[in-house]
1. Express the Stokes-Einstein translational diffusion coefficient of the stretch 61-210 in µm² s⁻¹, to the nearest whole number, given a Kirkwood radius over alpha-carbon pairs, 37 °C and a viscosity of 0.692 mPa s.
2. List the residues, sorted by chain then number, that are 5 or more residues from residue 199 or on another chain and whose placed amide H is less than 5 Å from its amide H.
3. Between residue 81 and residue 219, with labels modelled 7 Å along Cα→Cβ, what's the label distance in nm to one decimal, could you check?
4. Please list 98-104, 37-43 highest first by mean number of surrounding beta-carbon atoms within 10 Å per residue.
5. For residue 66 and residue 185, what is the calculated FRET efficiency with R₀ set at 22 Å and r taken between the beta-carbons, to the nearest 0.05?
6. What ranking, highest mean first, results for peptides 81-87, 170-176, 45-51 when packing means the other Cβ atoms within 10 Å averaged over each residue?
7. Suppose each label sits 7 Å from its Cα in the direction of the beta carbon; what would the residue 106-residue 38 distance come out to in nanometres?
8. Just the number please: accessible area per residue for the stretch 69-225, 1.4 Å probe, all protein chains included, in Å².
Amino acid sequence: MTWWNCWNQHMQKLSILIKHDSVNQSLTGNQTLVSPAENFELGFFKPGQSPNYYIGIWYMKVKTRTIVWVANRETPISDAFSSKLQILNGNLVLLNESNTQIWSTNITPTPTPTPTPSALSVVLLDDGNLVLRYNSSSSSSSITPIWQSFDHPTNTFLPGGKLGYNKRTNTKQIITSWKSTEDPSMGPFSLEVDQDEKQYVIKWNKSEQYWASGSWNGRIFSSVP
């Protein structure tokens, strides 16, 4: 078991995948996508007094709306009712009020040719993971995600999520703070993997180390109680 998997297990609790119906229609305005047990909800939201809208996921059973994931955190929209989230060309995309694509899952669909929107569906799982996958009638591997938000965290590490390093692609998941309570764009603090030292670090402006977990010794991280 890799050291970052041990870290993930250190921070997580067990989660259960619950089978549920999926949807393949577009989402706009005040429409939302809700997980089966109503743990999480996805839709358009405005942070605080901001005039901007974003697509995000939040807890349903927490009184104060708490956002755990944002799709278009760097590219807000001004009108949720003339914008829409939909499946297009094998991807989940967000089109703004000018019908311009401002966010996408940005994957190369397989198999070719590009599957039709009706062959794909988007589901929100009860652990807060947003999944793009083939419908069961279209592929025997429909349970396997084509894309999932757990591979692309924004500002929150959820149980079952990922925070690691991929040697093959030389990429890693990074959690980044919001710029402010009304602006979910990338803020100054980030949590990421330090592959060389086999530890996790919090950085200021992605350069200055602010905190470190300490290296993994096979049992614990040296600086984590």
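The values are calculated or read from the model by the stated rules, or taken from the named source; none is laboratory data. Note that this is a predicted model, so its numbers are computed, not measured. Please note: Cβ atoms are built from the backbone with ideal geometry, for glycine as well, and neighbour counts cover all protein chains shown. Ligands, DNA and RNA are stripped out before the accessible areas are found, and what is left, the full protein with its side chains, is counted by its heavy atoms. Shrake-Rupley method; radii C 1.70, N 1.55, O 1.52, S 1.80 Å.
1. Working: Rh = 17.3 Å.
My calculation gives 190 µm²/s for D.
2. The list, which skips near neighbours in sequence, is 194.
3. Result: 6.2 nm between the two label points.
4. Working: 98-104: 14.0, 37-43: 18.0.
Per-residue Cβ counts within 10 Å, averaged per peptide and sorted highest first, yield 37-43, 98-104.
5. Plugging the Cβ-Cβ distance into 1/(1 + (r/R0)^6) gives 0.75.
6. 81-87, 170-176, 45-51
7. 3.6
8. Averaged over the residues of the stretch 69-225, the accessible area is 52 Å².
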